[in-house]
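Heads up, the thing below is written out as structure tokens.
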Amino acid sequence: MKKSLSHIDEKGNPGMVDVSGKNVTSRTAIAQATVILGQEIMTQLKTSGYQTRKGPVIHTAVIAGQMAVKKTSDLIPLCHPLPIEGCAIDVEAIEENLIITCTVKTLAKTGVEMEALTGVSVAALTIYDMVKALSHRIRIHNIHLISKTGGKSDFNG
């Protein structure tokens, strides 16, 4: 079976995918991103309890990521607005990195991969914004989908 781009019609025009004929199913997507801070910044953050003048870094990033998940269809032009049934964002400090994981769940006719990817992206950008006064050498790295379930084809990988 030949794969094709789902958001391009037979005339080559962009459009939303017609999901009207699909069944509502339980769908989950998990995405991850890494914010590479460097040892000096990580030490400063740990010493301060992850607090900056702008506020609590981790808590602010989690809230920003959750807000972004809910706004994904406003940000990505051809995404369907979806009812978000659950959203969890976890930020874990490992060595000089903050690893962000976003899990999104819905009962819908289409999946929540873009919502999970948007959640980790905005959480990572929020961390960058909150600590950039310490260095502009911070890198956001490896934004990727870990898994998705509940649609035509599951993905783990």
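The values are calculated or read from the model by the stated rules, or taken from the named source; none is laboratory data. Because the structure is a prediction, the values reported are computed rather than measured. Reconstructed Cβ throughout: ideal geometry from the backbone, glycine too, with neighbour counts over all protein chains shown. The accessibility values were calculated without ligands, DNA or RNA, using every heavy atom of the protein model including side chains. Shrake-Rupley method; radii C 1.70, N 1.55, O 1.52, S 1.80 Å.
Residue-wise, which Karplus ³J(HN,Hα) couplings in Hz belong to the range 147-157, taking 6.51 cos²θ - 1.76 cosθ + 1.60, θ = phi - 60°, and x for glycine or proline?
Running phi through 6.51 cos²θ - 1.76 cosθ + 1.60 with θ = phi - 60° gives 7, 8, 9, x, x, 4, 9, 7, 9, 9, x Hz.
For the chain, set up a GNM with springs between Cα atoms under 10 Å and report which of M16, M42, M67 has the largest fluctuation.
Ranking M16, M42, M67 by mean-square fluctuation puts M16 first.
Using 1/(1 + (r/R0)^6) with R0 = 35 angstrom and r between the beta carbons of N142 and T47, what's the FRET efficiency to the nearest 0.05?
Details: r = 26 Å, r/R0 = 0.75.
Using R0 = 35 Å, I get an efficiency of 0.85.
Per DSSP H run of n ≥ 4, the term is -39500 (n - 2.57); total these for the chain, divide by its residue number, and report the mean residue ellipticity at 222 nm rounded to 500 deg cm²/dmol. Let's see the in-between values first.
Details: 4 runs with 46 residues, N = 157.
That calculation yields -9000 deg cm²/dmol at 222 nm.
Please report the carbon-and-sulfur percent of the accessible area for the chain; probe 1.4 Å, protein heavy atoms only, DNA, RNA and ligands left out. Walk me through the intermediate numbers first.
On the way: 5160 of 9520 Å².
Carbon-and-sulfur percentage of accessible area, whole number: 54.
What is the total of Lys pairs in the range 42-113 with C-alpha atoms under 24 Å apart, excluding same-chain pairs fewer than 8 positions apart? Each step should come with its number before you reach the end.
Details: K46/K54; K54/K70; K54/K71; K70/K105; K70/K109; K71/K105; K71/K109.
Here the count comes out as 7.
Contact order normalised by length for the chain, with contacts defined as Cα pairs under 8 Å and 6 or more residues apart; what percent is it?
Over the chain, the number comes to 36 percent.
Using the alpha-carbon centroid of each, what span in Å lies between the range 40-54 and the range 81-137?
Rounded to whole Å, the Cα centres lie 20 Å apart.
Could you point to the residue in G119, H144, V131 farthest towards the positive end of the range 108-157's charge dipole, with +1 and -1 charges on the Cβ of Lys/Arg and Asp/Glu respectively?
Toward the positive end, the furthest listed residue is V131.
Karplus couplings for the range 110-120 from phi (6.51 cos²θ - 1.76 cosθ + 1.60, θ = phi - 60°), rounded to Hz, Gly and Pro as x?
With coefficients 6.51, -1.76 and 1.60, one gets 9, x, 10, 4, 5, 5, 5, 5, 5, x, 5 Hz.
Residues of the range 36-157: accessible area per residue at 1.4 Å, in Å²? The partial results should precede the final answer.
Details: 6810 Å² over 122 residues.
Per-residue value: 56 Å².
Packing-wise, with mean Cβ within 10 Å as the measure, how do 68-75, 105-112 rank, highest first?
Details: 68-75: 17.9, 105-112: 21.2.
Averaged packing, sorted descending, gives the order 105-112, 68-75.
Quote the convex hull volume per residue of the range 86-157, based on C-alpha atoms, as a whole number of Å³.
Residue-normalised Cα hull volume stands at 89 Å³.
Only Cα pairs under 8 Å and at least 6 apart count here; give the relative contact order of the range 72-157 as a rounded whole percent. Please report the intermediate quantities before stating the final value.
Details: 98 pairs, mean separation 17.8, N = 86.
Once normalised by length, the contact order is 21 percent.
Based on the alpha-carbon gyration tensor of the chain, what equivalent-ellipsoid semi-axes (square roots of 5 times the eigenvalues) come out, in whole Å, largest first? Write out the running numbers ahead of the final one.
On the way: eigenvalues 225, 45, 38 Å².
Equivalent-ellipsoid dimensions as semi-axes: 34, 15, 14 Å.
Sorted from largest down, give the three principal axis spans of the alpha carbons of the range 34-87, whole angstrom values.
Here the Cα extents, ordered largest to smallest, are 42, 19, 18 Å.
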